[in-house]
Amino acid sequence: MSIVTVQLGQCGNQIGHEVFCCLCSDICGSHGLCSKKENQSYQDACKERFFWEEQSGVPVARAVLVDMEPKVISQTLSMAARSGCWKYNNQSHFCQKQGSGNNWANGYSVHGPRHKESIMDLVQREAERCDRLGGFFTIMSMAGGTGSGLGAFVTQCLRDAFPASFILNHVIWPYGTGEVIVQNYNSVLTLSHLYRSSDALLVHENDVIHKICAQLMNIKQISFRDVNQVIAHQLGSVFQPVHPAEGGSNYSRNPLGDLMEALVPHPEFKMLGLRNIPQIPENSLPYSTFSWPGLIKHLRQMLIANAQMEEGIDWQVRPPPPGSSTPSSHSTKKPLHFNTSIANLVILRGKDVHSVDLGSFQDPSLYTSWLKPQDAFNAWRTPRAFNKYEKSASLVSNSQFLLKPLDSVVGKAWNMFASKAYIHQYTKFGIEEEDFLDSFTTLEQVISSYTTL
């Protein structure tokens, strides 16, 4: 089944471009780790999922590009065309001249309704190109105006127009130090609206990816492109074809559906986090060796200690002993922050994947009490290596990982709201104080649900 990607705003379009570049370099790469037949079916499955072919044989991304200013879209279109490996369809983009000025209300209440028909026509056309439509993958930022405001509006339109299709929103969490003065307002409004219309939200935090670039990739002067390439690599490690069931030899037919089935057992819990190991500079790969037991041990500890990368993991954190409802305290009297999960999905790619023991992820103490570990844990595998890594493992987790950042954003937004700061910027575009209160209520409920796991 095919996925239509909707790239929204500057951030969404730049990341979307890197995702398609990553997918293309992966399927064009020569991987001697699996049979020719395996490699061919992998490439075919990827192409059906993310591309359609022109008569010339060039893969064209199944994507719609939307922004309220033209600069980023024209750069993105020309960079893709210059790559020679793939391109965007020149008729599948929509842009205007004026931007949204980092104002969520402007994107949601003004640009959204005004341009709804044009944008949804492009989406409809792209959906009709699919033999079988699996769903939509939107890429957007939470901090600005177009990606967040217009993105939330477009997601609602997708839900109305395609009620039976899966919608996964990929959301970029802003830097904690701040990019925009009203980013916390924009974030609260975006998350609460997406929670109503999306099937799941896959979240990447800018601060975490920045750290990965600095500490794991050894990049000295980090650009947005560096950050976006790490995000694209992590997304590719999940969305490239993989065998879903134990011992199954067919690639997953419905990637978004399989992902939701494995990870979203209840509509109250839709926040997904993504970790991927190993991640090292490309020039270090020839000198590095990894063992599956080592990778799995690190990945499990990253999950329970809520570490976003394999460096600096707190190895002191342990699952609570059976029968205890709260994690015990540390000898230094500092409580351990144990990250309880609802559901986890581990994806293994590369050499000897079928011999890997994942029993440690089926420990009942990792999960909430209302799900059996066999229902809460899934593993997908493929012997086809991913992007030059002989062995790689990804973990998509529905857990308490976002509680702290979510609580912080809601708290900061509430403090501004309580003193009525910048509210007039939103009311002039039709977003009233009641809308803010509804959004706060929605997210307080999300925080409360995840806290009580």
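The values are calculated or read from the model by the stated rules, or taken from the named source; none is laboratory data. Keep in mind that what you see is a predicted model, and the values were worked out from it rather than measured. Note: ideal-geometry Cβ built from the backbone for every residue, glycine included; neighbour counts use all protein chains shown. What goes into the accessible areas is simple: the full protein's heavy atoms, side chains included, and nothing from ligands, DNA or RNA. Shrake-Rupley method; radii C 1.70, N 1.55, O 1.52, S 1.80 Å.
What size of dipole, in debye to the nearest 20, comes out for the chain about its Cα centre when the only charges are +1 on Lys and Arg C-beta atoms and -1 on Asp and Glu C-beta atoms? Walk me through the numbers on the way to the answer.
On the way: 38 positive and 40 negative charges, 149 e Å.
I would put it at about 720 debye.
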**Loop sites in the stretch 363-453: chymotrypsin sites (Phe, Trp or Tyr not before Pro), DSSP, at most 15 other Cβ within 10 Å** = TRP370, TYR422
**Complete:** Given 57-69, 108-120, 276-288, the highest-first ranking by average Cβ count within 10 Å works out to 57-69, 108-120, 276-288
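Tell me, what % of the accessible area of the stretch 37-126 is carbon and sulfur with a 1.4 angstrom probe? Provide the component values of the computation, followed by the final result.
Working: 1920 of 4200 Å².
Carbon-and-sulfur percentage of accessible area, whole number: 46.
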**Complete:** Pairs over 19 Å Cα to Cα, from LYS211/LYS391; LYS37/LYS351; LYS270/LYS404; LYS71/LYS97; LYS36/LYS388, come to LYS211/LYS391
**Request:** Considering only DSSP beta bridges where both residues belong to the stretch 343-453, give the percentage that are antiparallel (nearest 5).
**Result:** 60
**Built amide H within the under 5 Å cut-off of LEU202, gap 5+** = ASN169, HIS170, VAL171, LEU272
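Indicate, rounded to the nearest 5 percent, the antiparallel portion of the DSSP beta bridges found entirely in the chain.
About 35 percent, rounded to the nearest 5.
Rounded to the nearest 500, what is the 222 nm mean residue ellipticity of the chain from helices alone, with -39500 (n - 2.57) per DSSP H run of 4+ residues and division by all residues? The partial results should precede the final answer.
Values: 14 runs with 180 residues, N = 453.
Calculated at 222 nm, the ellipticity per residue is -12500 deg cm²/dmol.
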**Asked** How large is the accessible surface per residue of the stretch 404-452, computed with a 1.4 Å probe and reported in Å² as a whole number?
**Response** 54
**Given charges at Cβ of Lys, Arg, Asp, Glu: the chain dipole, positive-most of LEU77, CYS24, PRO241** = CYS24
**Complete:** Once both label points are put 7 Å beyond Cα along the C-beta direction, the SER284-ARG114 separation in nm becomes 4.8
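State the dimensionless ratio Rg/Rh of the chain (Rg: radius of gyration of Cα atoms; Rh: Kirkwood radius). Before the final figure, lay out each step's value.
Values: Rg = 21.4 Å, Rh = 22.5 Å.
Radius of gyration over Kirkwood radius for the chain works out to 0.95.
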**Request:** Mind checking the stretch 165-251 for trypsin sites (Lys or Arg not before Pro) that DSSP puts in a loop (not H, G, I, E or B) and that have at most 15 other Cβ atoms within 10 Å?
**Result:** LYS220
**Fill in**
Quick calc, ASP160 & GLN96: beta-carbon distance into FRET formula, R0 30 Å, rounding 0.05, result 0.85
